[in-house]
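S.K.: Sending over a structure as structure tokens; questions will come in a sec.
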Amino acid sequence: MIVELNINNFAIIDEVKISFEKGFNVLTGETGAGKSIIIEGISMILGQRANRSFIRSGEDKAIIEGVFYLENATTINKILKEYGIDTDPDNYLIITREIYSNGRTVSRVNGRVVTLSILNSITANLVDIHGQHEHQSLLDSRTHIKLVDSFGKDELKELLKTVDKKYKKLQEEKSKLRELSQNVDNLEREIDLLQYQLNDIDSANLLELDENEIMLEYEKLNNIKDIAFSLGQVLDLLNGDGYNSYSIISSLGKCQQNLINIEKYDEILRGYNSTIESMEYELQDLYRSIKNYMDNLELDEERLMILEEQIDLINSLKRKYGNTVEDIIEYRNSIEYKLNSLLNNEKTIEETKNRIATLERELTQDCKRLTELRKEISKKLESDITEELKELNMKNILFKISFDRHDYFTSEGLDRIEFLISTNKGEELKPLSKIISGGEMSRIMLAFKKILSKYDRISTLIFDEIDTGISGRTAQIVGEKIKAISKNHQVICISHLPQIAALADVHFEISKKAFKDKTKVCVKKLDYNERIEELSRLLGGVNLTDTTKQHAKEMLDMSKSLSQNI
């Protein structure tokens, strides 16, 4: 359940802290005071998408934080551990959403930053928000099948996963079949193109060519004159025999001769002489190696032309098939695979058709069982909904769940489900959208929530103006139903009706006050006397008389007594 809600700089709220309690929590206040904004804030921490328009004017960011107490922490803690999020030994869960003016949002669970999809998977079992828009969802028959399925047990839920998985696979196979069965002319043209490209690449024998070696050999042959000229100068410097030339080797010989003349005077000088002698031998070896290299150096014009052709071929293939030789080879392998698939088109088509037929047979059996389970649920649901609606002051109600079949598979099976209703004796059953009023719609949705609350594990239910379109005795009955739900669930309810507000265990007044140039939303937990004042306002509007206050006191006292028997 929600223990605490903190909202900062969200919409028109600058700073609000609400400590919710177990049982029935009600929020009342003037229209536009900010009640629905508080529910919107809860939606944010549950994973609803946010944008910067939610930030209070003049501020850089909005922060919404919710503290939850997990009465049954097993399921949530399992999910937290899967995502590596720390669990609290006292079973508390803290969720924070930060919305920034640059459009960025940050979600945290127990201090750990998470994605929106992870947040939604965690909060799916925490809170169920029933807003006014859900009334409209009842008018869309496409949502009816989901409502029926929400009452299903493990077998139905697993079967739904199986059907969805096979349906997606069926769609993939059908898409593949359409691609394979394209126009024959187009198919032949594509085969011709792929064969040309494959031959174009294979004729180059890229696997036998080393681009780096080719470039190195080409650079050598193309610059052979520069190489020969530079090596000639190196040989002259090492051991030139020109007039007045002083080569390195001959200079070393002179150095050695000078050291021989004086080495008898000091043993160290003999060591110098040995070093120079070694250097002379090494340089003479180097001279002979370079001379040999130069004697064998010649320009092979024919080889140079071959290399140029190979380089032009590689560059041509790069322009057509990839930026590198590796890219070209990878592309070549991909078109070979595609070409083989197209050449084996008839066989592949037949195999695909067989897989489609198998999937359709399996789906037919799965959908048959799915229909059976849904009809079992619907039979009981018809009875339970009818009973709940009669208790909600719809005495002559007749509620039926109609089954029809699509002539094609969907991710939910073959069933087409629609809710039918007759609100008066003698009237034929018609779709909800054709005969239902706003007040009746509210009661039908409440009936679903009441029945579903017996089975689900969601600890907190939020009703945003469930009292739309009702009044009087019906409002009293709706309040009693919500009170009954609050015996096993935490309920947070926005209401404008005193009959509902009087039944609450905790009453919060939401008000909007102007301070200088800004508007501030205030939340106050009401005591007994303050509740009488607020109920009086709900009963009598602006002008509160002693009679109105006495009526409000009697309503509150009677509701307290009534609550003990619900």
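The values are calculated or read from the model by the stated rules, or taken from the named source; none is laboratory data. Keep in mind that what you see is a predicted model, and the values were worked out from it rather than measured. Here the Cβ positions follow ideal geometry from the backbone for every residue, glycine too, while neighbour counts run over all protein chains shown.
S.K.: Residues in segment 23-38: is at least one in a loop (DSSP other than H, G, I, E, B), within 20 Å of THR115 (Cα to Cα) and among the polar types (S, T, N, Q)?
M.R.: Let us first name the residues in segment 23-38 that are in a loop (DSSP other than H, G, I, E, B), namely 23, 29-34.
Now drop any that are not within 20 Å of THR115 (Cα to Cα), which leaves none.
No - not one qualifying residue is present in segment 23-38.
S.K.: Could we say that ILE458 is within 26 Å of ILE122 (Cβ to Cβ) and outside any helix (DSSP H, G or I) here? Write out each step before concluding.
M.R.: Values: within 26 Å of ILE122 (Cβ to Cβ): yes; outside any helix (DSSP H, G or I): yes.
When the stated conditions are applied, ILE458 passes them.
S.K.: Still on this model: Working carefully through the options SER19, SER36, SER57, find the one that is among the small types (Gly, Ala, Ser), over 21 Å from ILE492 (Cα atoms) and surrounded by fewer than 20 Cβ atoms within 10 Å (Cβ to Cβ).
M.R.: Working: SER19 fails: over 21 Å from ILE492 (Cα atoms); SER36 fails: over 21 Å from ILE492 (Cα atoms).
When all the criteria are applied, what remains is SER57.
S.K.: Still on this structure, I have one more. Among the candidates ILE417, ILE421, which residue alone is over 30 Å from THR123 (Cβ atoms), at pLDDT 85 or above, outside the structural domain of GLU21 (by TED's automatic domain parsing) and surrounded by 21 or more Cβ atoms within 10 Å (Cβ to Cβ)?
M.R.: Numbers: ILE417 fails: over 30 Å from THR123 (Cβ atoms).
ILE421 is the lone residue from the list that is over 30 Å from THR123 (Cβ atoms), at pLDDT 85 or above, outside the structural domain of GLU21 (by TED's automatic domain parsing) and surrounded by 21 or more Cβ atoms within 10 Å (Cβ to Cβ).
S.K.: Filter segment 512-538 for residues that are assigned to a helix (DSSP H, G or I) and within 47 Å of the chain's Cα centre (by Cα) and give the result.
M.R.: Kept after step one, since they are assigned to a helix (DSSP H, G or I), are these residues of segment 512-538: 528-538.
If the condition is that a residue be assigned to a helix (DSSP H, G or I) and within 47 Å of the chain's Cα centre (by Cα), then TYR528, GLU530, ARG531, GLU534, LEU535, ARG537, LEU538 are the ones that fit.
S.K.: Follow-up question, since we're still on this one. Within the bounds of segment 322-345, is there any residue that is exposed (fewer than 11 other Cβ atoms within 10 Å of the Cβ), without any contact (Cβ under 8 Å) to a residue 60 or more places away in the chain and farther than 30 Å from SER203 by Cβ?
M.R.: No; the residues of segment 322-345 include none that is exposed (fewer than 11 other Cβ atoms within 10 Å of the Cβ), without any contact (Cβ under 8 Å) to a residue 60 or more places away in the chain and farther than 30 Å from SER203 by Cβ.
S.K.: Here's a follow-up. So ASP300 clears everything in (1) more than 30 Å from TYR196 (Cα to Cα); (2) free of Cβ contacts under 8 Å to residues at least 60 places away in the same chain except one condition, right? Which one?
M.R.: Going through (1) more than 30 Å from TYR196 (Cα to Cα); (2) free of Cβ contacts under 8 Å to residues at least 60 places away in the same chain one by one, ASP300 breaks only (2).
S.K.: So, in segment 60-72, how many residues would count as being surrounded by 17 or more Cβ atoms within 10 Å (Cβ to Cβ) and in a loop (DSSP other than H, G, I, E, B)?
M.R.: 1
Residues are listed down the side, and each one gets a yes or a no for (1) at pLDDT 90 or above; (2) assigned by TED's automatic domain parsing to the domain that holds GLU534; (3) on the phi < 0 side of the Ramachandran plot; (4) of a type outside the set (A, V, I, L, M):
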{"residue": "ALA11", "(1), (2), (3), (4)": "no, yes, no, no"}
{"residue": "SER19", "(1), (2), (3), (4)": "yes, yes, yes, yes"}
{"residue": "ASN25", "(1), (2), (3), (4)": "yes, yes, yes, yes"}
{"residue": "GLY32", "(1), (2), (3), (4)": "no, yes, no, yes"}
{"residue": "ILE45", "(1), (2), (3), (4)": "yes, yes, yes, no"}
{"residue": "LEU80", "(1), (2), (3), (4)": "yes, yes, yes, no"}
{"residue": "VAL109", "(1), (2), (3), (4)": "yes, yes, yes, no"}
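S.K.: Among the candidates ILE466, ILE444, which residue alone is modelled with pLDDT under 85, surrounded by 15 or more Cβ atoms within 10 Å (Cβ to Cβ) and not assigned by TED's automatic domain parsing to the domain that holds MET558?
M.R.: Numbers: ILE466 fails: not assigned by TED's automatic domain parsing to the domain that holds MET558.
When all the criteria are applied, what remains is ILE444.
S.K.: While we're on this one: Find the residue count for segment 125-170, including only residues that are modelled with pLDDT under 80 and among the small types (Gly, Ala, Ser).
M.R.: Total meeting the criteria: 2.
S.K.: Quick check on LEU317: is it assigned to a helix (DSSP H, G or I), touching a residue at least 12 places away in the same chain (Cβ under 8 Å) and over 30 Å from VAL148 (Cα atoms)? Can you show your working first?
M.R.: On the way: assigned to a helix (DSSP H, G or I): yes; touching a residue at least 12 places away in the same chain (Cβ under 8 Å): yes; over 30 Å from VAL148 (Cα atoms): yes.
Judged against the criteria, LEU317 is a match.
Yes or no, residue by residue, for (1) modelled with pLDDT of 85 or more; (2) in the same structural domain as LEU235 (by TED's automatic domain parsing); (3) exposed (fewer than 12 other Cβ atoms within 10 Å of the Cβ); (4) touching a Phe, Trp or Tyr at 6+ places or on another chain (Cβ under 7 Å):
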{"site": "CYS255", "(1), (2), (3), (4)": "yes, yes, no, no"}
{"site": "LYS264", "(1), (2), (3), (4)": "no, yes, yes, no"}
{"site": "ILE268", "(1), (2), (3), (4)": "yes, yes, yes, no"}
{"site": "LEU283", "(1), (2), (3), (4)": "yes, yes, no, no"}
{"site": "ILE290", "(1), (2), (3), (4)": "yes, yes, no, no"}
{"site": "ASP295", "(1), (2), (3), (4)": "no, yes, yes, no"}
{"site": "GLU298", "(1), (2), (3), (4)": "no, yes, yes, no"}
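S.K.: Okay, moving on. For residues that are of a type outside the set (Phe, Trp, Tyr) and part of a helix (DSSP H, G or I), tally how many sit in segment 286-303. Give the steps one after another, and end with the answer.
M.R.: Taking segment 286-303 as the starting set, the residues that turn out to be of a type outside the set (Phe, Trp, Tyr) are 286, 288-292, 294-303.
Next, only the ones that are part of a helix (DSSP H, G or I) stay: 286, 288-292, 294-295, 301-303.
Qualifying residue count, segment 286-303: 11.
S.K.: Please tell me if TYR83 is among the aromatic types (Phe, Trp, Tyr) and in contact (Cβ under 8 Å) with a residue 60 or more places away in the chain. I'd like the intermediate steps shown before the answer.
M.R.: Working: among the aromatic types (Phe, Trp, Tyr): yes; in contact (Cβ under 8 Å) with a residue 60 or more places away in the chain: no.
Against the criterion (among the aromatic types (Phe, Trp, Tyr) and in contact (Cβ under 8 Å) with a residue 60 or more places away in the chain), TYR83 does not qualify.
S.K.: Another question, then. Regarding segment 139-146, can at least one residue be identified that is outside any helix (DSSP H, G or I), farther than 26 Å from ASP14 by Cβ and among the aliphatic types (A, V, I, L, M)?
M.R.: Yes.
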